[in-house]
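Student: Structure provided below as C-alpha cells; questions to follow.
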Amino acid sequence: MFWLICLLSFGWLTFLRLVSLTISQQFIYGTFILKVRKRGVVVLPKELRTKAGIEEDSEVVAEIRGNEVLLRSLKPVIVRVDWASVEKILHEENKVEEEKLHKILKELRS
C-alpha cells in the first residue's frame, strides 16, 4: 500500500528512485519515513534515536526550516559561573533600582 501511495503521489521516476534506495525502511543518508499518529505523535525508530543521541525522556529541539521540520537532541551546556562577578552585577543593579525608587519618591513628595 505504501509503495502504491508513493507511486501515485510522486510519479514513476521518484517511485523508482525510492525503490532503488530503500534498504528495509531505511534510506541512504539515514532518512526514515515516519507516520504521524493521533495528536501529532511521531515514533522515532531506535536506530534513528541512537544515531542522533536521543535517549528516553530526553528533550529535542524542533525547528521549522521552510516546509521542513528539523529535530535535534537538546544537549545542556554546563557553564562555569564567577559568583563574585554575579554579586557585583547584582549589587550594581540594586544601586540603580534604589536610585530610581528615590527619584520616584522625590517626585511624588513635591
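The values are calculated or read from the model by the stated rules, or taken from the named source; none is laboratory data. If you're wondering where the values come from, they're calculated on a predicted model, not measured in any experiment. Reconstructed Cβ throughout: ideal geometry from the backbone, glycine too, with neighbour counts over all protein chains shown.
Student: Return the residue satisfying two criteria in turn: it lies in the range 53-74 and is of a type in the set (Gly, Ala, Ser) and more than 12 Å from the chain's Cα centre (by Cα), and of such residues it is surrounded by the most Cβ atoms within 10 Å (Cβ to Cβ).
Tutor: Among residues in the range 53-74 that are of a type in the set (Gly, Ala, Ser) and more than 12 Å from the chain's Cα centre (by Cα), the one surrounded by the most Cβ atoms within 10 Å (Cβ to Cβ) is Gly53.
Student: If the requirement is being aliphatic (A, V, I, L, M), exposed (fewer than 10 other Cβ atoms within 10 Å of the Cβ) and modelled with pLDDT under 85, which of these qualifies: Leu108, Leu4, Leu48?
Tutor: None of the other options fit; the residue is Leu4.
Student: Out of Val81, Val86, Val77, I need the residue that is of a type in the set (Val, Ile, Thr) and surrounded by 10 or more Cβ atoms within 10 Å (Cβ to Cβ). Which one?
Tutor: Answer to the selection: Val86.
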